[in-house]
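Structure, as structure tokens:
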Amino acid sequence: MIKTTSNMLKIFSIVGFFALSGCWQKPTSTQYITDNQGRALILHGINSSSSAKHSEGHLPWITEADVEQEAVEWGFNFVRFLIFWDGIEPERGVFDESYLDAVEERVNWYTSRGVHVMLDMHQDVYGHKVDGNGAPEWATELSLMDNFALTFPDDLPWWISYIDPQVVAAFLNFWGYSNYQYLQDHYIQSWQKVAERFKDNPGVIGYDMMNEPYPGDLLSAITFTFEETRLKDFYDRLIPAIREIDNDKWIFYEPQSLGINFGFASKLPPIDDVREGDKRLVYAPHSYPLTLHEGVPYNLTDKLNMRDWNRNRVKELNSHKVPMIVGEFGGSDHVKGFRDYLNDTLNMFDMMGSGWAYWSNDPGGWGLLDEDRKETPKVDHLVRPYPRAIAGQPIAFSFDFDTKIFSLEFAEKDGVIGPTEIHLPDRHYPNGWRISSSDPQGRWSYDWDAHRQILSLTSDPEMATHFITVSSISE
Ligand code: 9MR
């Protein structure tokens, strides 16, 4: 019996391998976030932090030294920084500037090290009053469910609480704009306070309007009708309100989380931006293969989830025509096959031209550090060569974990200034690396910042395209 099971698993993983290898699709015309020099940004980073949901003052556990490790030792150029509505507006109409001061101090630890900060208005399971996080107690309308508190067994996954009748009520009332208009209006005002605070901070790249939106009722969730109606209406209210304050930052929007996180198609229509100039919106879905998220060894179900996730996100990007940043993905090193999963998923994100933020930076659990603050094995995968900023139009980039070959192809683009910056972590090149370019000899050059492990490349502007390869020097 055991032998049969193990043979089945082998067959499954072989099938899984063929299901994935070389099958990733990419959008027909990939879009990128650009910096003020016109360079395409590829963002690699982490979420900071999950523990802020329950911490004193809603703040992440990090010190400035931890930020130094993330930015310099690991070379991340992105952080998805969690903020909370109940931190911003603890009492109705009272906005806590001291919370924003504390957030700003930490944001500046990142921005002063060249890390782009995206502020994520986080929620899980609505808010603390119903055992989640995010919304303030005063904004948790339970209507007929006030006395209907249920106790869920501790050993169930946390997200099961989304079916708790009180949570359902709180969400339905939040989305029911005609009944409880003040809820969304205050959420929107809270965002305006955040935008006022950060609009002039060039290191803050943008705002993620709501973490993992959930409709409340399961029927809307499984038919995805919520996205076309209440969620779209909400974004159509919130985006113009943010734009009243801040015309420039990128606004990140998420589809519904349930189902879409593990691969179903979203029904969210393209979203409008009302800013002066080109649209600055970013699609920011999460990616969690179903059983891997629950700690089951990486298996065929996960691989099929990832294939669907890739195909459906590509269809959505082809229709929305915006850049994509994966706001969350993650798991535990203790899960068998986790490193294979990381290789597969990171290759997929590269193929799609997408940046990402790993969930999350809290030590222990799924973290990059264990409880003793030692690096976990996943760090070798997450810290990988990538083009932080591309001085042109990206065509493709990739890194092969086994051969250590990194490649980047991009085309010249008018109006872009500055070098292309590539992070080449020492851990992958213990004896150094060699670089080649398709540009003619003597017409391209580079500088190497050994401390930050960043290569700054100047290409030959006479060449229409540039093909760069980096390989490892063996002993
Ligand atoms: O990893 C987080 C877990 O420890 C918490 O109990 C849970 C509820 O707050 O949230 C988990 O983080 C989730 C994140 O907030 C939203 N996306 C999925 C993450 C992993 O489940």
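All of the numbers you see were taken from the coordinates with simple rules; none came from a lab. From a predicted model like this one, the values you see are computed outputs, not experimental measurements. Every residue, glycine as well, gets a Cβ built from its backbone with ideal geometry; the counts of neighbours run over all protein chains shown.
A compact table of results
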quantity	calculated
Cα point-scatterer Debye curve for the stretch 435-475, base-10 log of I(q)/I(0) at q = 0.16, 0.33, 0.34 Å⁻¹	-0.47, -1.18, -1.20
Length added when fully stretched, N201-A450, from 0.36 nm per residue minus Cα-Cα	86.8 nm
Protection proxy ranking, peptides 284-292, 433-441, 463-471, average beta carbon neighbours within 10 Å, highest first	284-292, 463-471, 433-441
Charge sum, other residues only, whose C-beta stays under 11 Å from A139's C-beta, Lys/Arg counted +1 and Asp/Glu -1	-4
Length-normalised contact order of the chain in % [C-alpha pairs under 8 Å, at least 6 apart]	16
Inter-probe distance in nm under a simple model that places probes 7 Å from Cα toward Cβ, at D400 and T469	0.9
More than 26 angstrom apart: percent of Cα pairs within the stretch 43-284	38
Dipole magnitude (debye, nearest 20) for the stretch 43-284, charges at Cβ of Lys, Arg, Asp, Glu	600
Contour minus Cα-Cα distance for E56 and V72 (0.36 nm per residue)	3.0 nm
Percent antiparallel among DSSP beta bridges (both partners in the stretch 43-284, rounded to 5)	10
Percentage, to the nearest whole number, of Cα pairs in the chain over 39 Å apart	21
Whole-angstrom gap from the stretch 391-467 to the stretch 137-181, using each part's C-alpha centre	50
Förster radius 51 Å - calculated FRET efficiency between S438 and D370 (Cβ-Cβ, nearest 0.05)	0.75
Gap separating the Cα centres of the stretch 66-125 and the stretch 310-354, nearest whole Å	24
Where N is the number of residues in the stretch 291-335, Cα Rg divided by 2.2 N^0.38 Å	1.38
DSSP bridge pairs, the chain: antiparallel proportion in percent, nearest 5	55
